[in-house]
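Take a look at the structure set out below.
Since every read-out is calculated from the coordinates, none of them should be taken as a lab result. Fair warning: this is a prediction, and the values are worked out from it, not measured in the lab. Don't worry about glycine lacking a Cβ; one is built from the backbone with ideal geometry, like all the others, and counts go over all protein chains shown.
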Amino acid sequence: MSTHVTQPTPPVSGARAFWNRTDAIRTGYAFILPVLVLFVIFRIWPTINGFLLSFQDYRLTGDSTWLGLEHYRYLLQDDLFWHSLRVTMVYAAISVPLTTCLALGLAVLINQALRGIGLYRAIYFLPYVTSLVMVGVIWKWVYRNDGGLLNNVLGAVGLPSVDWLTSSTMVLPSLAIMATWKGVGYAMMILLAGLKAIPASLHEASAVDGATGAQTFWKVTLPLLKPVLFFVIVIETIGSFQVFDAIYVMTGGGPVRASYSLVYLLYDEGFKFQNFGYASAIGVVLFLIVFSVTMLQRLMFGRDD
């Protein structure tokens, strides 16, 4: 009986290993190159061009005049800019905590091994994938002063109707409620993923030590969920500072510019008045504000998160 002896594989020389790694690197870059080109064309270049545009007086004819910091000087003296910034910050102060707290509560509730829980997750997530324009039209009907769903319910229980979208004091909370209803499903799913990543043994150990459900949540669950919670707060803050669609559909910036956000001002200056340079300056300032708020949140939550 013949015995087959396996010959040992000869070691790869240093030069061949180098070229093999080089080929692998080239193959990797070849795969990401199309996406990288599209990212530069549609993300990086518009950002750079918009920043340069903020220093110019640009017209649709293609003519431009270099103004330097003139747009930024005017922006600091523009009362409408400060008003729109104040409106945006008030809206964010209402929308972000409301959405985050509700999403956290829903994530904890649906993180239960119950029958049919997947259906509830889908129901909560469904508004997020619905068109914002359609949602705005529906909620505009819900908020109507005459014949609206909410005021009909209030009238049925003997309460006076509320000017949800026509009152300067109620318009921003009303818009924030609508935005929370639409976006809470996305934040909920992110927080749910964070809850699923927490080892069950930690909760079991906490129960063995005699901790109540509330103590386990505050001392075990919430600290471990902190990085995910930070991410949710950041994306909700960015989204609230960029609010435009809902305001455009539901209020048009009214009443009396009570819902006139910073992005709405940018839209008017750029597309209504064709003041593209000043609109770009507003966009740059908005980016700096959002970046500063995000860094402040990072310091509050800790650098490790």
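In summary, the aspartates and glutamates within cross-link reach of K140, defined as a Cα separation below 17 angstrom excluding same-chain residues under 8 places away, comprise D163, D245.
When +1 charges are put on Lys and Arg Cβ atoms and -1 charges on Asp and Glu Cβ atoms, the dipole computed for the chain relative to its Cα centre reaches about 720 debye.
Candidate cross-link partners of K196 among the lysines, defined by an alpha-carbon separation under 27 Å and a same-chain spacing of 8 or more, comprise K182, K219, K226. Overall form of region 154-279: oblate. Here a/c, set by the Cα gyration tensor axes a ≥ b ≥ c, is 1.5 or more, and a/b is not larger than b/c.
Could you calculate, for region 143-199, the ratio of the Cα radius of gyration to the Kirkwood radius, expressed as Rg to Rh? Using Cα coordinates only, the ratio equals 1.24.
What FRET efficiency, computed as 1/(1 + (r/R0)^6) with R0 = 45 Å and r the Cβ-Cβ distance, is obtained for H203 and I138, rounded to the nearest 0.05? Once rounded, the FRET efficiency stands at 0.70. The calculated pair-distance distribution of region 45-127 uses every alpha carbon pair, bins of 5 angstrom beginning at 0, and gives 3, 11, 11, 11, 10, 9, 8, 8, 9, 8, 6, 3, 1, 0 percent. Net charge near T65: determine it from the other residues with C-beta under 13 Å of the C-beta of T65, scoring Lys and Arg +1 and Asp and Glu -1. Net of charged neighbours comes to -2. Region 253-284 and region 215-237 have Cα centres lying 34 Å from one another. The Cα-based radius of gyration of the chain, divided by its Kirkwood radius, gives an Rg/Rh of 1.12. When peptides 108-120, 144-156 are ranked by their average number of other Cβ atoms within 10 Å per residue, the highest-first order is 144-156, 108-120.
The fraction of all Cα pairs in region 62-205 landing in successive 5 Å bins from 0 to the largest distance is 2, 8, 12, 13, 14, 13, 11, 9, 8, 5, 3, 2, 1, 0, given as whole percents.
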